[in-house]
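The next block holds one structure in the form of structure tokens; read it before the comments.
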Amino acid sequence: EDSFPPPMAPTLLVVDDNKELLAILTQLLEEAGYTVAAFPKGKPALEAAKATQPAAAVLDVLLPDMMGFPLAEALRALHPNLPILFMTGVFKGGRHAGEVKVKFGAAHYFEKPFDAKRLVEAVKQVVPPQPPAQPLPGPKAEDFELDLDIDVDAEEPLEPMELTGKIKVTDYTAKK
């Protein structure tokens, strides 16, 4: 009998020095069906991207060790077709968004504060999530019929009664 390992969920590189936002995005993206490699700095994220092929990257523009734009360029050098989504609390306005989309081929550009769920939706458009593993087929509760036979002997004096029952379980899904 062949058993296949479940397909791996796509890995997303998420880089933001705001630990609360990083935690929220990680949780939302994992719930959406992704594996998340979360980093508060650019250089460790870049090292991780050398070891593995991320399906997409979600990058903060302003990071403590390197800016998001050079990080994006370095990631693209490793993975030319990597979809990149930017987040920023600093570089606001249509000019920046337009520049980033042209210069880095950014899939999306989010200005903080943004709705994290919108970001998750944007990621789904770029990289479809791995559907959760389907439960293995097996008997379900509705496949069983329960018969309870309770015998009460009314001729004995009425004292505390002990009920004894027989349970017969029939599996109607079993091959006959």
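The values are calculated or read from the model by the stated rules, or taken from the named source; none is laboratory data. All values reported here derive from a predicted model rather than from experimental measurement. Heads up, the Cβs are rebuilt from the backbone with ideal geometry, glycines too, and the neighbour counts pull from every protein chain shown. Side chains are part of the model used for accessible areas, which takes the heavy atoms of the whole protein and leaves out ligands, DNA and RNA. Shrake-Rupley method; radii C 1.70, N 1.55, O 1.52, S 1.80 Å.
Selection of segment 100-129 for residues being at pLDDT 90 or above and touching a helix residue (DSSP H, G or I) at 6+ places or on another chain (Cβ under 6 Å) yields only 120. Applying the set (1) modelled with pLDDT of 95 or more; (2) touching an Asp or Glu at 6+ places or on another chain (Cβ under 7 Å) to residue 38 leaves exactly one unmet item: (2). Please tell me if residue 70 is under 24 Å from residue 130 (Cβ atoms) and more than 22 Å from the chain's Cα centre (by Cα). No. Filtered by the rule that a residue be in a loop (DSSP other than H, G, I, E, B) and on the phi < 0 side of the Ramachandran plot, segment 95-111 gives 106, 107.
Of all residues in segment 17-30, those that are free of Cβ contacts under 8 Å to residues at least 60 places away in the same chain have Cβ atoms under 8 Å from Cβ atoms of residues that are open to solvent by 70 Å² or more (accessible area, probe 1.4 Å), 6 or more apart or on another chain, in 17/41; 17/62; 17/64.
Of the residues 97, 141, which single one is exposed (fewer than 10 other Cβ atoms within 10 Å of the Cβ) and either at pLDDT below 80 or in contact with a Lys or Arg (Cβ under 6 Å, 6 or more places away or on another chain) (or both)? Can you show your working first?
Working: 97 fails: exposed (fewer than 10 other Cβ atoms within 10 Å of the Cβ).
Among 97, 141, only 141 is exposed (fewer than 10 other Cβ atoms within 10 Å of the Cβ) and either at pLDDT below 80 or in contact with a Lys or Arg (Cβ under 6 Å, 6 or more places away or on another chain) (or both).
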